[in-house]
Amino acid sequence: MSRAFRRSALIGAGLATALAAGTAVVACQSSDGGGSAAPKLSVADPYIPLPATPGGMGAGYLTVRNDGGADRLVKVTSPAAGSVTMHRSTEKSMEEVGELAVPAHGSLDLARGGTHLMIMEWAKQPALGDELELDLEFAKAGTVVVKVPVKPLTYRPGS
Amino acid sequence: MASLRSTRPRLMTAAALVLGASLALSACSSSGGGGEDSGAAKVSKQASTSQYRGTVLSKHFDKPDLVLNDTSGQPYDLKARTAGRTVLLFFGYTSCPDVCPTTMGDIGVAMSKLAPEQRQKLDVVFVSTDPERDTPQVLRTWLDSMGKDFVGLTGDLAKVKAAAKPLGILVEDPVVAANGSVTSTHGAQVLAFLPGDDKAHLLYMAGTTVETYAHDLQLLAQGVAV
């Protein structure tokens, strides 16, 4: 978060916009002078389904769009939860992943049945309508702060 | 597995695996970027003339002989209690963040679209693959978020494994990580048993849509032949 003050300021401005919009669209730029290799990230359709057990195991889903060069999501934290880890569901199980690629001019989809965030140790039991902060840390673009709405358990974007 | 590209070979492979039976459906995903969207789980069924959208099984599995505790803590004999009824059976665990609540939630939404008398013809049974943590009370609270009338069974994991294996569903011992999170390996397919012979005739892979469930549950409630 504190890697570059200017970037934080930029993200802060982005966050203000995101708060108004409900979803975050934050443009990030690397400090290496730009060029075609710099990732240009935005986050779309973030949501946390209401955990099936109140205050219990939760998931987070979102799409990271990238209009620039490749990047990697290396860590996710949240002031709203003690533990946020990245997992990939497989046919029969799920496995924790250390980082996730955000391809150049592509997207990283965290979606049901695939790659997702596993969220535990809620600071406060999530309720419908809450907006919880997730801090997405990218290898190049730095930290992107997203406000994520808590949606019904069976919600899907666009439904 | 990486060579599976078109729908039909994928279907045939799924059918072959189902026929092969004693092993769980193995992962045919994650051979690259496409694995993440669970595309491999979307087995379509163009080769069949059935009205059902689920995968029609050519081998009809027997309903497992399984007695565990239900969510009231009382013994529940699956075979006896559901004899002559339509049953959807799923194995999973409540600390599962993604596939389990998504699957059970989607079935819950599909059930809610049925008329009450139709809903009463279907039993949705969830068997815990993490009985140590999934006590009857924990299971009931979790299931209530998706279906108040869903049956939850928990008890001896050895029994659960033995019941799942002949269905081609692999269940392994749960693994508890340092941060307290639990990972249980379990086949994520849903099996539908029919009332006529109490055998499984339909299979739904993880990633089956609410629309598919709603479509097929309607047919199942009406007793339409597979």
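List of remarks:
- Qualifying residue in the range B:55-74 (condition: outside any helix (DSSP H, G or I) and at pLDDT below 50): no
- Identity of the residue in the range A:139-156, touching a residue at least 60 places away in the same chain (Cβ under 8 Å) and under 16 Å from B:V109 (Cα atoms), that ends up surrounded by the fewest Cβ atoms within 10 Å (Cβ to Cβ): A:P152
- Evaluation of A:L136 against the conditions (1) under 26 Å from B:L170 (Cα atoms); (2) surrounded by 22 or more Cβ atoms within 10 Å (Cβ to Cβ) shows that the sole unmet condition is (1).
- Hits in the range B:162-173 - residues which are closer than 18 Å to B:T94 by Cα, surrounded by 22 or more Cβ atoms within 10 Å (Cβ to Cβ) and touching a helix residue (DSSP H, G or I) at 6+ places or on another chain (Cβ under 8 Å): B:V171
- Looking only at the range B:170-183, and only at residues there that are closer than 17 Å to B:F126 by Cα and of a type in the set (A, V, I, L, M), the one that is nearest to the other protein chains (Cβ to nearest Cβ): B:L170
- Residue in the range B:184-194 that is closer than 19 Å to A:S93 by Cβ, within 14 Å of chain A (Cβ to nearest Cβ), part of a loop (DSSP other than H, G, I, E, B) and β-branched (V, I, T) present: yes
- From the options A:A38, A:A80, residue that is in contact (Cβ under 8 Å) with a residue 40 or more places away in the chain, touching a Phe, Trp or Tyr at 6+ places or on another chain (Cβ under 7 Å) and farther than 24 Å from B:T185 by Cα: A:A80
- Matching residues, the range B:75-108, being assigned to a helix (DSSP H, G or I), among the small types (G, A, S) and more than 14 Å from chain A (Cβ to nearest Cβ): B:A80
- Flag if B:D106 is farther than 26 Å from B:A177 by Cα and in contact (Cβ under 8 Å) with a residue 60 or more places away in the chain: yes
- Residue match in the range A:102-110 (condition: at pLDDT below 95 and touching a helix residue (DSSP H, G or I) at 6+ places or on another chain (Cβ under 9 Å)): no
- Residue that is more than 24 Å from B:T49 (Cβ to Cβ), part of a helix (DSSP H, G or I) and out of contact with any His (no Cβ under 6 Å at 6 or more places or on another chain), where the choices are B:E132, B:E117, B:E211: B:E117
The values are calculated or read from the model by the stated rules, or taken from the named source; none is laboratory data. Note that the structure is a prediction, hence the values are computed from the model and not measured. No Cβ is skipped: glycine too gets one built from the backbone with ideal geometry, and neighbour counts run over all protein chains shown.
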